[in-house]
Amino acid sequence: MNDQQRPPAVNPVLRQVQALPEKPGVYIMRDVRGDVIYIGKARRLRDRVRSYFGSSRSLEPKIRALAEQVTTLEHVVTNTEAEALHLEATLVKRHQPVFNVRLKDDKHYPYLKVDVQNAWPRVTITRRVEDDGARYFGPYASAGSVRRTLDVVNKLFPWRSCTKEITGTDPRPCLDYYIKRCIAPCTAYCTPEEYREVIDQTILFLEGRSNEVKQHLRTEMEQASDALEFERAARIRDQLTAVERVTERQQMATTTPLDADVFALARKDDEACVQAFFVRGTVVADTDSFMLDGTQDASDREILGAFAAQFYESATYVPRLVLLSAEPDDREDLEAMLRERRGTVVEVHVPERGEKRALVATAEENAREALRMHHVRWIADRDNTESALTVLQEELDLPTRPERIECYDISTIQGTNTVASMVVFKHGQPANSEYRRFRIKTVEGQDDFASMREVLTRRFKRVAERRRAELSGQTVEIEEPSPWDEIPDLVIIDGGKGQLGVALDVMRDLGLRDVPVCGLAKQQEEIFVADVAESIMLPRTSEALYLVQRIRDEAHRFAITYHRKLRAKAATQSVLDTIPGIGPKRKRALMRKFGSLKALREADVDEIAATVGFTRRLAETVKRSL
């Protein structure tokens, strides 16, 4: 047979695909080095895996990249799809494949352990759940989260923290007894039953059943009082007060009791964060947030489905209800997996209205805030900040490292109450004392370009005058040093080429051409600089991009806060100014007493009439006008 008659070679991976069974299971993809790069589940293994190797035009970029790297396929057949989901979550946590959505550092997540099999149990932190008869609570997102919980529990419930052997024959207790952190089983100051009661209350509290704890303590306190054991009753009273203070700080979740976990997703660029609320009864008993890896090109459905499977694969408790911010992939399989773990029916639901929807919305807001704070903490790390400043200098071709960065933003609505903000970052950290706010004075209507021109001129006019004086040989005396005398290493303008052009014109007119200026366009996070036609696109995970985004967002926050304040003040003034008999003095008296126009509207005539300088007739006029 010649070469023309010989059939084309078959991709070795496709041969492996064709050998896969039409059964549910898990497939494992490895690259040329033998590393696991992706793990997935399927109702029918052959059909699912074959879809990765279809026409490249119809495949998403992530799938194309994955298919190009696969050299070896492995699979595990399971009896059900729920078993496949459980196995997938287990293997993803073990191998951490780069193409899978996965919990960051999941194998290191800590738990609280109560060694109830011990005669005198303790509560400790562990990173491994074992089948040893102990009670485990978690996982917690970080060591900080679990240590805060441990500290709260130890303050509320006096179990021992020591590791000594308990014989009850010690001559005296340690300091923990005197500060009410232990009831001293070492000196036989308590019975085994009394100590076990403390542990039982601790477990109830960790389960989120704080109402049962409080009821038990009230009953115990009353019994001690009736038995004339006033010292013991006083100790229980103090403990009950402490528990009530902690539970009062827990957020009210619903008016009807729930046993639910709430998970909401927030995303920005290639990063994702899931906020968790653990609702027990009518309150949020605990919260935590989890950062995720491998979320590029993944849908919200895929991310939430993968997170839930991995979280519950190692979670020590499964509630009756799981509320999500988006419908997960394979919801039925997830419910089957959770039902198997709990032993009863578990509902996975995406609420659209009512208290449950409000709860998910609150979780979404907290997820966004957690993602923002992740960026802030990341930037606050000195090594990251130093690296970010160095990268920024290289990417923008700056003459020096930008140790002082100023950013400007304009805020207005339909040309009313236009304001601007100036924020300052020194060595990558916000210098709040040098922030400034501007009310636009010379621009009528909405003209962001003219407003930016005014702000930059006002900011740098003093610097330009001092420089001209120095160049002409004049002695410049500075009575008191001011941040306005400092020249920034970089000026960031919130906007694209148009705003940058205005800023460059101002610097040229003031003779400050040497001050580096760039524009940051929010839509694609493009950076524009002078004399370069193309924009600069920093990598999505770049330290420098995190830093400039943080600075830009801070400028926007500072501007919008000032704008809202002026708008509210203008609204109050305009309404009260139209009421006959209300002049500046009476207007001040009203605002001092009621604080806001909303409170004034809700006040009755008698309350308004009791204001200094008011009669009942004038109060009635105000009430009618409002």
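The values are calculated or read from the model by the stated rules, or taken from the named source; none is laboratory data. Remember, it's a predicted structure, so these values are computed and weren't measured experimentally. Note that we place each Cβ from the backbone using ideal geometry, even for glycine, and neighbour counts take in every protein chain shown.
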In the range 180-197, what count of residues is obtained for those that are crowded, with 20+ Cβ neighbours inside 10 Å and not in a loop (DSSP other than H, G, I, E, B)?
3
Selection over the range 198-241 where residues are of a type in the set (Gly, Ala, Ser), surrounded by 15 or more Cβ atoms within 10 Å (Cβ to Cβ) and part of a loop (DSSP other than H, G, I, E, B) yields a count of 1
Could you please find all residues in the range 513-562 being among the polar types (S, T, N, Q) and either part of a strand (DSSP E or B) or touching a residue at least 12 places away in the same chain (Cβ under 8 Å) (or both)?
Gln524, Ser535, Thr541, Ser542, Gln549
Out of Glu620, Glu554, report the one residue that is within 30 Å of Asn432 (Cα to Cα), of a type outside the set (A, V, I, L, M, F, W, C) and either modelled with pLDDT of 85 or more or crowded, with 18+ Cβ neighbours inside 10 Å (or both).
Glu554
Kindly indicate which of Ala464, Ala503, Ala450 is at pLDDT 85 or above, surrounded by 20 or more Cβ atoms within 10 Å (Cβ to Cβ) and more than 17 Å from Phe558 (Cα to Cα).
Ala503
Of those in the range 342-361 that are loosely packed, with under 15 Cβ neighbours inside 10 Å and under 19 Å from Ala315 (Cβ atoms), the residue nearest to the chain's Cα centre (by Cα) is Glu347
Please go through the range 322-376 and give me each residue that is assigned to a helix (DSSP H, G or I) and hydroxyl-bearing (Ser, Thr, Tyr), ordered by number.
Thr362
Give the residues of the range 187-239 that are among the aliphatic types (A, V, I, L, M) and in contact (Cβ under 8 Å) with a residue 60 or more places away in the chain, sorted by residue number.
Ile199, Ile203, Leu206
Condition first: surrounded by fewer than 14 Cβ atoms within 10 Å (Cβ to Cβ), modelled with pLDDT of 75 or more and not hydrophobic (A, V, I, L, M, F, W, C). Can you find one or more residues in the range 1-14 that meet it?
no
Looking across the range 172-195 at residues that are closer than 20 Å to Glu220 by Cα and of a type in the set (Val, Ile, Thr), the single one that is modelled with the highest pLDDT is Thr191
Selection count where residues are within 37 Å of the chain's Cα centre (by Cα), surrounded by 15 or more Cβ atoms within 10 Å (Cβ to Cβ) and not aromatic (Phe, Trp, Tyr), scope the range 153-179:
7
